[in-house]
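The values are calculated or read from the model by the stated rules, or taken from the named source; none is laboratory data. Please read all numbers here as calculations on a predicted model, not as lab measurements. Backbone-built Cβ (ideal geometry, glycine too); neighbour counts: all protein chains shown. Accessible surface areas use protein heavy atoms only, side chains included; no ligands, DNA or RNA. Shrake-Rupley method; radii C 1.70, N 1.55, O 1.52, S 1.80 Å.
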Amino acid sequence: EELILEGVISVEEARTHHARNVITRSVGQGDALQPDLWLLPSAPAERFVVCSDGLNSELRDDDIRTICREHPAPQDAADALVEAALASGGRDNVTVIVLDAVSPA
């Protein structure tokens, strides 16, 4: 992602780039942590997918979007995404969390 943001490679190149799995920051390595934080306004019925590269290395964004739309329950969507990634080759561990933004009652 850092290479994409710096304009070094394209989104499509990132799928196969030789440094796509290089860890640039991690917890437990060094004294100063630099977490990535974003404040995102939620919209009704918005869905977030948090995943490891084991998912987006195997499935394209359009496939992830389609699977999420086909499964209204977040757990069902997460299970289906993992299953699809494994069926596509599953060359890396696949971790997926699906969250639905909802308005407070």
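Values computed for the structure shown
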{"read-out": "Any hit, the stretch 16-28, residues being open to solvent by 60 Å² or more (accessible area, probe 1.4 Å), under 17 Å from the mean Cα position of the chain (by Cα) and modelled with pLDDT of 75 or more", "value": "yes"}
{"read-out": "Selection from the stretch 84-104 of residues that are charged (D, E, K, R), in a loop (DSSP other than H, G, I, E, B) and in contact (Cβ under 8 Å) with a residue 40 or more places away in the chain", "value": "Asp92"}
{"read-out": "Options Val49, Val82, Val102; residue that is closer than 20 Å to Glu12 by Cβ and either open to solvent by 30 Å² or more (accessible area, probe 1.4 Å) or among the basic types (Lys, Arg) (or both)", "value": "Val49"}
